[in-house]
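Scroll down for the structure; my scribbles are underneath it.
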Amino acid sequence: MSYKENYKNWKDEPTKYWKEKSEDIYWYKKPKKVLDSSDSPFWSWFPDGVLNTCYNCLDIHVENGNGNRNALIYDSPVTKTKITYTYNELLNKTERIAGALQNHGVTKGDRVLIYMPMIPEAVASMLACARIGAIHVVVFGGFAPNELATRINDSKPKIIIAGSCGIEPGKIIEYKPMLDKAIEIANYKVKKCFIFQREICEAKLISGRDFNLQELIDNSDIAKPVPLKSTDPLYILYTSGTTGDPKGMVRDNGGHAVALKNSISMVYGLKPGEVFWAASDIGWVVGHSYIVYAPLLNGCTSILYEGKPTGTPDAGSFWRIISEYNVAVMFTAPTALRAIKRDDPNGVEINKYSLKNFRMQFLAGERADPTTIEWASKHLNVPVIDHWWQTETGWAIAGNFAGLGLFEIKPGSTGKASPGFDVQCLDENGKIKPIGEIGSLAIKLPLPPSCSSTLWQDKARYKKAYMEDYPGWYSSADAGYIDNEGYIWVMSRTDDIINCAGHRLSTGAMEEVLSKHEYIAECAVVGIEDELKGQIPMGFIVINAGTQESNEKIIQETISMVRNEIGPVASFRKVVVLKRLPKTRSGKILRSTIASIVDNKPYKIPATIDDASILDEIKEIIK
Ligand code: COA
Ligand code: AMP
C-alpha cells in the first residue's frame, strides 16, 4: 500500500485503522474499545485491553519457535566485548531480574529507576520491569547526581538498578559514587539498589541497601509476565522542560506496543529476523523505542553499541558494525555523521566494509543539515532519511516510509506526516498558516497511540505545556513550515530547549544553575550554532557591582557548576561577561537576538528594546 493510501485510510477511519493495527499484538483480553476520550485531553488507547509488553517482546517469539533467533547483539569497543543473546537467552536474563525485583517486593505500579550504561543488563532490566508491571524510569548516564536526585524525588522508585560504572573514551565514569550522592541529596529515600558490577571498576556496596545484580540473576526464580491494562504505565522518561524540573513523560503499555510494532515495519521497512540498529542510548527515547521495544516486538535483532561514532577506535566503527552484523537499517543523530565526516571526509573508512545488506540510514534528534545528508547519501549509497521525533510521541511524527514505498527525499525536510498525525502550521491565534509560511507546528488532537498520555502525577503541567497554546491541538514547541507537497520542514524550537549533539537540554535549567552563583546578578543561556553538535549552550552573565573576584575565575566556576549539577553532557563551556543583558522595556531578556548576533545572522532590533547599545557590546565581544 502506498503512503497516500495508508494516510487516507487513517484519516478517513482512524478507529478502524488503529483497531486493525492492534491485531498485530498479543492481548490476554482483546480491546473492544479503541479510544476513550471521556477525560479529554487525557485520552486512553485500547482502554479495556489487557496485555504484557515484555511477553510481546520476548516470550511470544520463543513460543513461536524462534527462541534461537538473535534478539540482542552487544558490541562494546570500549570493553572489547561482543556478546549475542538469542530470544531464549534474553528472556532468561529478563525473567530472572524480574524474579529478583519481585523477591524484593516490587509489584505492579512500583517505579524502578535504571541508571546504567549501554549494557545488556540495562535492556533486560527495562524488560523485567515491563514483565511485572513495574514502571521503569531510565536516567541517562551523562547526568549528574543532582539531576538524578530530581528524578528520584519525582518518581519515588522502590528500587534503583545501576551499573558500577560507565565507560567513555579514555575514561571510566564511576556511577556508584554519583548514585550514592544522588540518594544522599534526594528528599525521597531509596531503600534498595541492585548494582551490576563491571569488571573494569567494581563498586563498594553498602550492606543492607545494595545487592549484587549478577548474584540476583544467578539465584532468582523466574517471574511470569503479569497481565496489565493497556493504560497501565510502561515507563516514565524524563525530558527537558523549560525549567530545571524535567517533565516525566508517561507512556502506556497498549498504545505504545501497537504504535511501535506498526512503526518498525511501516517507517523502517523491517521484517522479523532482520537486524536493526539505533545508535542512540537507552537513556533517550530513541533508545527506549528502537533499541529495546520496537525491534523486539517485531522479532528483529537489535544492536546495543557501547561506543562512539569516532575514536572507538576510529571513524569506521559504524560501518564495521553494519557489515559485521548485516544491519539492514540504521538510525542515528546527524551529529554522529558530522563527527564521522569530520574525521573521514572522503569516506575512506566506509569503503573498507561491505555494506551490501544495508538498505537505509535514518536520522533524527535534531535538524539534519542538507550537507550532511548529501555527504552520507553519496558515500553510503543508500537513502538517507530524516524524520521528526519527540520524546513525547515515542515514534516519528513525520518521515519517509520504507514500508510504504519511499517518496522523493528533500534534504532539509523531515518528510510528510506519519499516518496517525495531522500536522499543521499555525499562527499565534491558532489559524492554519498559508503553505510555505513559518509558524508553530501543531498536531490535531487526539494524538495517536504511544504519545505520552500525561506527565507523571502532573496532569495540570501536561495540559499547560502542550494543550493550552492552541485549543484542540498539541503544541510541539517546534517551529517550521509545510510546503505545497505536504513536506514538513522543522527549523527550530519555540522554547528554551536546545539540541546539543542529539541531546535535548534546557537552557532554562542552566540559567537556574548559574543564578545560584553568589557573584552573578543575572544571566541568560542561549543555544548557538556548532558545526559538530548542531547547537551548544553559551552563557551571558552580569556580575554584581563591587565584586572583587576576577571574571575569569567566575567563568570557570560557572562552567564547573553546570557540569556538576546538570552533567558533562550539557557541553557548557562558553561564557561571557556583560555589563547588562539586552532586554525589552518590560524586562524580557532578548535571548533570540543574542543568539542571532553570535551566529552572525540577521536580526531585528525590537522596538521595545530598553537599551540597544548593549547589542553592539555583544558584537564586539563575540568578534
Ligand atoms: N555517561 C557519562 N558521560 C557521558 C555520557 C554518558 N553516557 N555521554 C556523554 N558523556 C560525556 C562525554 O564524555 C563528554 O564529557 P567531557 O566533557 O568530559 O568530554 C560530555 O558528556 C559531552 O559529550 P558529547 O556531547 O557526547 O560530546 P562528545 O564530544 O563526547 O561526542 C559526538 C560528540 C557527536 C560523537 C556524540 O555526542 C554522539 O555520538 N552523539 C550522538 C548522540 C545520540 O545518538 N543521541 C541520540 C539521539 S537519536
Ligand atoms: P527529543 O525529545 O530529545 O527526541 O527531542 C525532540 C526535539 O528534537 C524536537 O522537538 C525537535 O526540536 C528536535 N528534532 C527531533 N528530530 C528532528 C528532526 N528530524 N529535525 C529537526 N528537529 C528535530
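Averaging over all projection directions, find the projected area of the Cα convex hull of the stretch 349-450 and quote it in nm² with one decimal place.
8.1
I'd like the Kirkwood hydrodynamic radius of the chain, using the inverse of the mean 1/r over distinct C-alpha pairs, in Å.
For the chain, inverting the mean 1/r across all distinct Cα pairs yields 25.1 Å.
Enumerate by residue number the trypsin sites (Lys or Arg not before Pro) in the stretch 345-440 meeting two conditions: DSSP loop (anything except H, G, I, E, B), and at most 12 other Cβ atoms within 10 Å of the site's Cβ.
Qualifying residues, ordered by number: K356, K431.
Return the aspartates and glutamates within reach of K378: Cα separation strictly under 14 angstrom, same-chain partners fewer than 8 residues apart disregarded; answer none if there are no such residues.
D344, E349
Work out, step by step, the length gained on full extension between D458 and I622: first 0.36 nm times the residue separation, then minus their alpha carbon distance; give nm to one decimal.
Contour length minus the Cα-Cα distance gives 54.9 nm.
Can you give me the solvent accessible area of R573 with a 1.4 Å probe, rounded to the nearest 10 Å²?
In the full protein context, R573 sits at about 150 Å².
Relative contact order, percent, of the stretch 470-623 when contacts are C-alpha pairs under 8 Å separated by at least 6 residues?
The normalised contact order for the stretch 470-623 reaches 17 percent.
For the chain, give the percent of accessible area contributed by carbon and sulfur heavy atoms, probe 1.4 Å, rounded to a whole number.
Here carbon and sulfur together make up 48 percent of the probe-accessible area.
Excluding same-chain residues fewer than 8 positions from K583, which aspartates and glutamates have a Cα within less than 20 Å of its Cα?
Those aspartates and glutamates meeting the cut-off are D495, D496, E511, E512, E522, D599, D610, D611, D616, E617, E620.
Which parts of the stretch 116-137 would a label at Y26 reach, counting a residue when its backbone N lies under 17 Å from a point 7 Å out along Cα-to-Cβ?
Within reach of a label on Y26: 127-128, 130-133.
Tell me, what are the semi-axes, in whole angstrom and largest first, of the equivalent ellipsoid of the stretch 231-285 as set by the roots of 5 times the Cα gyration tensor eigenvalues?
Gyration-tensor ellipsoid for the stretch 231-285: 26, 16, 9 Å.
With no solvent and one equal point scatterer placed on each C-alpha of the stretch 88-226, evaluate the Debye formula and give log10 I(q)/I(0) for q = 0.10, 0.17, 0.19 Å⁻¹, two decimals.
Debye curve over Cα of the stretch 88-226, log10 I(q)/I(0) at q = 0.10, 0.17, 0.19 Å⁻¹: -0.28, -0.85, -1.07.
In this model, which of K464/K604; K356/K533; K433/K604; K16/K229; K93/K463 are farther than 32 Å apart at the alpha-carbon?
The pairs that break the limit, which is 32 Å between Cα atoms, are K93/K463.
Leaving out ligands and nucleic acids, note down the accessible area per residue over the chain with a 1.4 angstrom probe, in whole Å².
Here the per-residue accessible area is 39 Å².
Based on the Cβ-Cβ distance from N187 to N564, what FRET efficiency comes out when R0 is 30 Å, to the nearest 0.05?
0.95
For every helix of n ≥ 4 consecutive DSSP H residues, a contribution of -39,500 (n - 2.57) applies; sum these over the chain, divide by its total residues, and give [θ] at 222 nm rounded to the nearest 500 deg cm²/dmol.
-8000 deg cm²/dmol
Quick one: length gained pulling K108 to E324 fully straight, 0.36 nm per residue minus the C-alpha distance?
Length gained, K108 through E324: 73.8 nm.
Between R342 and T243, take the C-beta separation as r, use R0 = 35 Å, and let me know the FRET efficiency to the nearest 0.05.
0.55
With every protein chain kept in the model, how would you rank D478, D530 by accessible area, 1.4 Å probe, largest at the top?
The ordering from most to least exposed comes out as D530, D478.
For the stretch 1-70 and the stretch 544-623, write down the distance between their C-alpha centroids in whole Å.
49
Report the FRET efficiency, 1/(1 + (r/R0)^6), for K356 and S515, where r is their Cβ-Cβ distance and R0 is 51 Å, rounded to 0.05.
0.40
Determine ³J(HN,Hα), in whole Hz, for all residues of the stretch 613-623 in sequence, where each value follows from phi through the Karplus function 6.51 cos²θ - 1.76 cosθ + 1.60 and θ = phi - 60°; x replaces Gly and Pro.
Values, residue by residue: 5, 5, 5, 5, 4, 5, 4, 4, 5, 5, 3 Hz.
Of G430, Y353, G405, which is farthest along the charge dipole of the chain in the positive direction, counting Lys and Arg as +1 and Asp and Glu as -1 at C-beta?
G405
What's the extension gain from S377 to N88 if we count 0.36 nm per residue and subtract their Cα-Cα distance?
100.3 nm
Mind putting a number on the dipole of the chain about its Cα centre? Charges go on the C-beta only, +1 for Lys and Arg and -1 for Asp and Glu, and I need it in Debye to the nearest 20.
760
The values are calculated or read from the model by the stated rules, or taken from the named source; none is laboratory data. The shown structure was predicted, so the numbers you read here are calculated from the model rather than taken from an experiment. Note: ideal-geometry Cβ built from the backbone for every residue, glycine included; neighbour counts use all protein chains shown. Side chains are part of the model used for accessible areas, which takes the heavy atoms of the whole protein and leaves out ligands, DNA and RNA. Shrake-Rupley method; radii C 1.70, N 1.55, O 1.52, S 1.80 Å.
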